[in-house]
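Report on the structure given below.
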Amino acid sequence: MRAVETIKNIWKIEDLRNRILTTLLFVAIYRFGTYVVLPGIDPKALTALQEQTRGGLLALLDMFSGGAFSNASIFALGIMPYISASIVMQLMAIAVPSFQKLQREGESGRRKINQWTRYLTVAILLFQGPTYLVNLSVQLNAVGTSLPGGIWFTISSTVILAAGSMFILWLGERITDKGVGNGISFIILVGIIARLPHSLFQEFISRTSEKTGGLVWFLFEMLFLLLVIAGAIMLVQGTRKVPVQYAKRIVGNKQYGGARQYIPLKVNAANVMPIIFAQAIMFIPISIVGFSNTGEQSAFVTAFMDNTGFWYNFVFAVLIILFTYFYTAITINPTQMSDDLKRNNGFIPGVKPGKNTKDYLDTIMDRITLPGAFFLALVAIMPAFARLAGVSMEFSQFFGGTSLLILVGVVLDTLQQVESHLLMRHYDGLLKSGRIKGRSGAAGAY
């Protein structure tokens, strides 16, 4: 079989074999840490916290942390503070001139931005740590127990939570350097996949033991899930190639340029960021209800607390479409692309250099972003349709949303890196039909 032969070829390449084993070792360390509970907390008293993380934004955070959030683990805050800091620094690099200057300095500027990103991550952790402990205290009080008292417990637990997240960041960097794939993305992937076996097993038991469709309905769910995954792969890989012709230059006896290349413009240049932004906004009504002391809830707040309702998903989809255009606009700069082409004696056939090229690229981005935004919104609200069809809450999260897009993107990037090692040693690739295409042609970051 081709699969067996491919595995043998992978094992023959010493460097690739060592990278895979190193990645598995770091993943095992990470998974072990998700079950190490904070000192002074009884693991048996976490039922209320685990119930709280079954839905909403906290369910997303718990999934990204591989269950560490609901386990009150030393890794409870996960890698998300670093992701938040990276997003802030990315936005500042677009809006603040001094950060734009750093980006143009090359490797030295990139190192400074990475260093400041880590400083900002620590600041976010020192804020999120006590916030997490306050929420944990509320959930423990709900089951008749409490956190250990004293300021020392708060300080020590905050330090432990911050150190745990920074250790996860270190593991991710080691996976990037010595393992396979992008380490940060891979750790998020592990957290998502960690919940899949239990959710799948529970769904199977539910379908076969209760009068809810039986095995036939379960097989239909699997088929529909495969179709959704296929759609997500198309969304992740979709590009529009813009031809670019480089003018010939003769320097001495050598000729430069003259070749035709392509600019791959992504259909979904924003990746999963619009969904994350939209989910954060949709979580505001729930937060308001949580902090209010009134027992009655308005119809408006009630509608936006039902994540399977029409108005919740309609507003959610609209926000995703808007954020897709916003995030694409700040990450794709047609003006800079036009200037770079002109500087390198390149041009788009039939389009004048300068402003006309910029307008042409703008038009193409608008055309390909619209279907990409609608498809992204459809994928994001797909778990709601799964819930309405009777799929359990935990398993429905794999039918779309952030988790599915991250899972598909990271798997494609990792397989692409493995395939590159195979082809470099003159072995066959992973597919007969052609090479695997990742999110950006290389192992991309989250």
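The values are calculated or read from the model by the stated rules, or taken from the named source; none is laboratory data. Only a predicted model underlies this, so the values are computations on that prediction, with no experimental measurement involved. Don't worry about glycine lacking a Cβ; one is built from the backbone with ideal geometry, like all the others, and counts go over all protein chains shown. We work out accessible area using only protein heavy atoms, side chains counted, and drop any ligands, DNA or RNA first. Shrake-Rupley method; radii C 1.70, N 1.55, O 1.52, S 1.80 Å.
Positive contributions from Lys and Arg (+1) and negative ones from Asp and Glu (-1), summed over other residues with Cβ under 14 Å from the Cβ of L171, come out at +1.
Using heavy atoms of the protein chains and a probe of 1.4 Å, the accessible area assigned to M424 is about 120 Å².
Coupling constants for the stretch 156-170 follow from the phi torsions by the Karplus curve (6.51 cos²θ - 1.76 cosθ + 1.60, θ = phi - 60°), and in residue order they are 5, 5, 4, 4, 5, 5, 5, 5, x, 5, 5, 5, 4, 4, 5 Hz; glycine and proline get x.
Note on F32/N344: beta-carbon distance plugged into 1/(1 + (r/R0)^6) with R0 of 56 Å gives a FRET efficiency of 0.65. Legend: calculated FRET efficiency, E105 to Q261, from the Cβ-Cβ distance at R0 = 30 Å, rounded to 0.05, equals 0.70. Taken as Cα centroids, the stretch 47-102 and the stretch 305-356 sit 25 Å apart, rounded to the nearest whole angstrom. Placing dummy labels 7 Å off each Cα toward the beta-carbon, the span from S137 to K12 is 6.2 nm. Computed over protein heavy atoms with a 1.4 Å probe, the carbon and sulfur contribution to the accessible area of the stretch 100-227 reaches 68%.
Taking the Cα centroid of the stretch 214-230 and of the stretch 364-394, what is the distance between the two, rounded to the nearest whole Å? Taking the Cα centre of each part, the stretch 214-230 and the stretch 364-394 sit 17 Å apart.
Of the trypsin sites (Lys or Arg not before Pro) found in the stretch 167-243, those that fall in a DSSP loop while having at most 16 other beta-carbon atoms within 10 Å are K211. Site pair F153 and L215 shows an inter-label distance of 5.1 nm when each label is modelled 7 Å from Cα along Cα→Cβ. Checking the Cα-Cα distances for K101/K178; K112/K266; K101/K266; K266/K355; K112/K355 against a 23 Å cut-off, the pairs over it are K101/K178; K112/K266; K101/K266; K112/K355. Take M166: with every protein chain present and a 1.4 Å probe, its accessible area is about 60 Å².
For the stretch 1-112, the calculated P(r), taken from all Cα-Cα distances in 10 Å bins from zero up to the bin holding the longest distance, is 12, 24, 20, 27, 16, 1 percent. Surface listing: Y246, Y119, Y312 arranged by accessible area from highest to lowest gives Y119, Y246, Y312, probe 1.4 Å. For M234, the solvent-accessible surface with a 1.4 Å probe is about 140 Å², rounded to the nearest 10. Ranked by solvent-accessible area (1.4 Å probe, protein heavy atoms only, all chains present), the residues I7, I41, I205, I332 order from largest to smallest as I7, I205, I332, I41.
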